[in-house]
1. Could you bin all the Cα-Cα distances of the range 259-334 into 10 Å bins starting at 0 and give me the percent of pairs in each, rounded to whole numbers?
2. For the chain, what is the calculated [θ] at 222 nm in deg cm²/dmol (nearest 500), taking -39500 (n - 2.57) for each run of four or more DSSP H residues and dividing by its residue count?
3. Enter the angle in degrees (range 0 to 90, nearest 10) between the Cα long axis of helix 212-221 and the first principal axis of the Cα atoms of the chain, meaning the one along which they spread out most.
4. Amide H neighbours of Met297 under 5 Å, counting only residues 5+ apart in sequence or on other chains, H built in-plane at 1.01 Å?
5. Of the chain, which part is the longest with no trypsin sites (Lys or Arg not before Pro) in a loop (DSSP not H, G, I, E, B) and with at most 14 other C-beta atoms within 10 angstrom?
6. Calculate one ³J(HN,Hα) per residue across the range 140-152 by plugging θ = phi - 60° into the Karplus curve 6.51 cos²θ - 1.76 cosθ + 1.60, and present them in order as whole Hz with x for glycine and proline.
7. If you build the convex hull over the alpha carbons only and average its shadow over all orientations, what do you get for the range 116-235? Give it in nm² to one decimal.
8. How high is the relative contact order of the chain? Use alpha-carbon pairs under 8 Å, at least six apart in sequence, and give a whole percent.
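Where a number appears in this text, it was derived from the coordinates with a stated rule and is not lab data. Because the structure is a prediction, the values reported are computed rather than measured. For neighbour counting, all protein chains shown are included, and Cβ atoms are generated from backbone atoms with ideal geometry for every residue, glycine included.
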Amino acid sequence: MKVPDTMRAAVLYGPEDLRLVDDYPVPRPGPDEVLIRVEACAICGTDPKILAHGWPNQPPYGQFIFGHEYAGEIVAVGEQVDEFMIGDRVVVEPHKGCGVCDNCRDGYYTTCLNYGDNRKGHRHYGFTVNGGYAEYACNHISSVYKIPENMSYEEATLLTTAATALYGIRRAGGVNAGETWAVFGPGPIGLTAVALLRRLGAGRIILTGTRDERLSLGKKLGADVLLNVRAENVVERVLELTDGVGADAVLECSGSTKAVEDAVECCKKNGRIGLVGIYEQPSQVNVNKVVQWNISMCGSKAEGERSVAQVINLVKANPIDFSLLITHTFPLKDIHKAFEVARTRAGGAIKVVIQCQL
């Protein structure tokens, strides 16, 4: 297909000033980049914050296109690209490290030491460079992955979410067969974590949260025990369910500092805790218990260490019905309505997806 010179894009002009532009220039791929015709881009929990306050090192207002959970079809490739072809169906990974700092060389590109420095080669798509709320987007080939032929573009936008959950699981030591895992927070990351834990061999999965409808969805995805934190004492119930020992591992996805404190209290001796949420308030973790009980606590930044590729391989062998999490879809022209639904969680919204060609 012929690539046009201009495209429709949602451009951020200032805090809460998102405008649809019909004649934004279509980017052209560099030597090691591909141009993607964006079919779908999901709204992440970070996106309303970018809309409200911007992001450090972002492109200038009036030029900034955010959105980082997107999938589409490759329509042009750079002159050095032979890993992908025009027509490939792909999903993107938001992070592309500089490749030269110590962290990147060790494989930890989501914590690149040159974050935000385009000159050094760092890219954080939808944050420090343009992203996917547009008809076209350019990505470096190291941030692009082919998706299964039987997966819709809308479902593919959930692969980054699932990869974030997988990275949290891996940072918490991975799954030993038959273990009891507690997952705090039935948002998109927590729910995909439940599905992944089921496939990775967890013996019992305890899901906690405040919304019964989301907890019920967790049951469909593989949770064994559902605990509504408004009705039950999570720590007491987890200890009761584990004969007073505690969970082998806890994955905290809610972003609640109280949940972090509870994670320590319901984790067994020599257990593991993975922190995936974004925490805006300080917590009062019982650090002495972490030490005396030999508990491992580990942060988890995004979808690191090629977790997107690993999730794709996993769901090829054992599919996850990502459509269960997609509660709303909107055409690009209705992006303002989509953000309102995502922010207010209207209609039980879990994952809201923008269809960028409509």
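1. Spelled out bin by bin, the range 259-334 gives 14, 29, 29, 22, 6, 1 percent.
2. For the chain, the value works out to -7500 deg cm²/dmol.
3. 80
4. Amide H neighbours of Met297, under 5 Å, 5+ apart: Ile273.
5. Longest gap between qualifying sites, sites excluded: 3-229.
6. With coefficients 6.51, -1.76 and 1.60, one gets 5, 5, 6, 10, 10, 9, 6, 10, x, 5, 8, 9, 6 Hz.
7. 10.1
8. Normalised by residue count, the contact order of the chain is 17 percent.
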